[in-house]
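K.L.:
One structure is given below, represented as structure tokens, and several questions about it will come after.
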Amino acid sequence: MRLADERLNVLEHPLIAHKMSIMRDGSTAPSQFRQLVHEVAMLEVYEASRDLATEPVEVETPLRRTVGKRIAGEKLAVVPILRAGMGMLDGVLSAIPSAAVGVLGMERDEQTHQPHEYYAKMPRGIADRTVFLIDPMLATGGSALSAIHYLREQGVCDIRFLVLVAAPEGVRAVLQEDPDVRIWTCALDDGLNEQAYILPGLGDAGDRIFGTL
Ligand code: URA
């Protein structure tokens, strides 16, 4: 698999690039960091929802009847991976307020070191929904794959994984393991350090969102 995979979307937009530079800056305060995560998540889901099907809808304006468009029957869900994914939730919901929300908590098993879900609460009919899975950082891909595996087990077909920063290692792992998932990222960085932090990255996204530095 090459990284120039058609299922990988690296967003190039001046607004996103500008906001990402401020987020990468280690001196940016948690309050501003949180606000920027919100703004970038909103822009990202705008891109990741580009190909949703629409259908015509008749509308009565104050002046006359016309035909507009609406999202065609697709039920949408947003699924943040705890904890850092919560930082992107409001941004995504401000673009798609009617989306249902599922929550997925992932932790590493002490014995096997494999991530598995310790908490999952999905909206009804999750199998029939287009799911925007959200987590700011795609590092090794361990928790992402575990989350994707969980959603596949629930019968979800259309998984759109939205991250802010991705490492090539994580992208490769996710695309290799799951033949259908699509990824959107605002940056594709150089790689991982020994502690599996993304370089140059932006540090620990969860700590910066929640001010637990
Ligand atoms: N998780 C983070 O929050 N940051 C990284 O760089 C890698 C994983």
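Bear in mind that the values in this text are calculations on the coordinates, not laboratory data. Bear in mind the structure is a predicted one, so any value in this text is a computation, not a measurement. All Cβ positions, glycine included, derive from the backbone under ideal geometry; neighbour counts span all protein chains shown.
K.L.:
Under a GNM of the chain (C-alpha, springs under 10 Å), which listed residue has the highest mean-square fluctuation: Gln176, Gln32, Gln111?
P.N.:
So, out of Gln176, Gln32, Gln111, the one fluctuating most is Gln111.
K.L.:
Please build a GNM for the chain, connecting alpha carbons under 10 Å apart, and tell me which residue among Pro136, Pro80, Pro30 fluctuates the most.
P.N.:
The residue that fluctuates most here is Pro30.
K.L.:
Quick one: angle between helix 142-153 and the longest Cα principal axis of the chain, in degrees between 0 and 90, rounded to 10, please.
P.N.:
The answer is roughly 40 degrees.
K.L.:
What percent antiparallel are the DSSP beta bridges of the chain, to the nearest 5? All intermediate terms of the calculation are to be shown ahead of the outcome.
P.N.:
On the way: 15 of 40 bridges.
Of the beta bridges lying entirely in the chain, close to 40 percent run antiparallel.
K.L.:
While we're on this one: If you rank Val10, Val171 by fewest surrounding Cβ atoms within 10 Å, what's the result?
P.N.:
On the way: Val10 14, Val171 24.
Ordered from fewest to most neighbouring Cβ atoms within 10 Å, Val10, Val171 come out as Val10, Val171.
K.L.:
With angles folded into 0 to 90 degrees, how steeply does helix 14-24 sit against the dominant principal axis of the chain? Use alpha carbons for both and round to 10.
P.N.:
The angle comes out near 30 degrees.
K.L.:
Another question about this same structure. Please name whichever of Ile81, Ser98, Leu36 sits farthest to the positive end of the charge dipole of the chain, dipole taken about the Cα centre and charges placed at Cβ: Lys and Arg +1, Asp and Glu -1.
P.N.:
Farthest towards the positive end: Ser98.
K.L.:
Taking the Cα centre of the chain as origin, work out the dipole magnitude from +1 charges on Lys and Arg Cβ and -1 charges on Asp and Glu Cβ, in debye rounded to 20.
P.N.:
On the way: 21 positive and 30 negative charges, 147 e Å.
Dipole size: approximately 700 debye.
K.L.:
Now, a different point. Running a GNM on the chain with Cα contacts under 10 Å, which residue among Asp109, Asp190, Asp158 ends up with the highest mean-square fluctuation?
P.N.:
Highest fluctuation among the options: Asp109.
K.L.:
Obtain the radius of gyration and the Kirkwood radius of the chain from its C-alpha atoms and give Rg over Rh. Show your work: numbers first, answer last.
P.N.:
Numbers: Rg = 17.7 Å, Rh = 17.8 Å.
Checking Rg against Rh, the ratio lands at 0.99.
K.L.:
Right, next: How far is helix 168-177 tilted off the main Cα axis of the chain, in degrees rounded to 10, range 0 to 90?
P.N.:
Taking Cα atoms only, the helix is inclined about 60 degrees.
K.L.:
Tell me which GluC sites (Glu not before Pro) from the range 163-213 have a DSSP coil assignment and no more than 13 other beta carbons within 10 Å of their own. Provide the component values of the computation, followed by the final result.
P.N.:
On the way: sites: Glu169, Glu177, Glu194; in loops: Glu194.
Loop-located and lightly packed - Glu194.
K.L.:
Additional query: Taking the Cα centre of the range 10-107 as the origin, how large is its charge dipole in debye, to the nearest 20, when only Lys and Arg (+1) and Asp and Glu (-1) carry charge on their Cβ atoms? Walk me through the intermediate numbers first.
P.N.:
Numbers: 10 positive and 12 negative charges, 38 e Å.
That gives a dipole near 180 debye.
K.L.:
Further question on the same structure: Give a residue-ordered list of calculated ³J(HN,Hα) values for the range 86-100 (Karplus: 6.51 cos²θ - 1.76 cosθ + 1.60, θ = phi - 60°; whole Hz; x for Gly, Pro).
P.N.:
4, x, 9, 4, 5, x, 5, 5, 6, 8, 10, x, 7, 5, 7
K.L.:
A further question on this structure: Do any GluC sites (Glu not before Pro) in the range 110-155 lie in a DSSP loop with no more than 16 other beta carbon atoms within 10 Å, and if so, which?
P.N.:
On the way: sites: Glu110, Glu117, Glu153; in loops: Glu110.
Here the sparse-neighbourhood loop sites are Glu110.
K.L.:
As an exercise, identify the trypsin sites (Lys or Arg not before Pro) in the range 1-90 lying in DSSP coil whose Cβ has no more than 14 other Cβ atoms within 10 Å. Let's see the in-between values first.
P.N.:
On the way: sites: Arg2, Arg7, Lys19, Arg24, Arg34, Arg50, Arg64, Arg65, Lys69, Arg70, Lys75, Arg83; in loops: Arg2, Arg7, Arg50, Arg64, Arg83.
Listed in order of number, the matching sites are Arg2, Arg50, Arg64.
K.L.:
Tell me the mean residue ellipticity at 222 nm calculated for the chain from its helices only (DSSP H runs of n ≥ 4, each -39500 (n - 2.57), averaged over every residue, nearest 500).
P.N.:
Values: 6 runs with 68 residues, N = 213.
Taken over the chain, the calculation gives -10000 deg cm²/dmol.
K.L.:
Take the Cα radius of gyration of the range 93-132 and divide it by 2.2 N^0.38 Å, with N its residue count; two decimals is plenty. Kindly include the intermediate steps, with their values, before the conclusion.
P.N.:
Numbers: Rg = 13.6 Å, N = 40, 2.2 N^0.38 = 8.9 Å.
In units of the globular-protein estimate, the range 93-132 measures up at 1.52.
K.L.:
Using 0.36 nm per residue of separation minus the Cα-Cα distance, give me the extension gain between Val57 and Asp25 in nm, one decimal.
P.N.:
Details: separation 32, 0.36 × 32 = 11.52 nm, distance 4.54 nm.
Full extension of this stretch gives 7.0 nm more.
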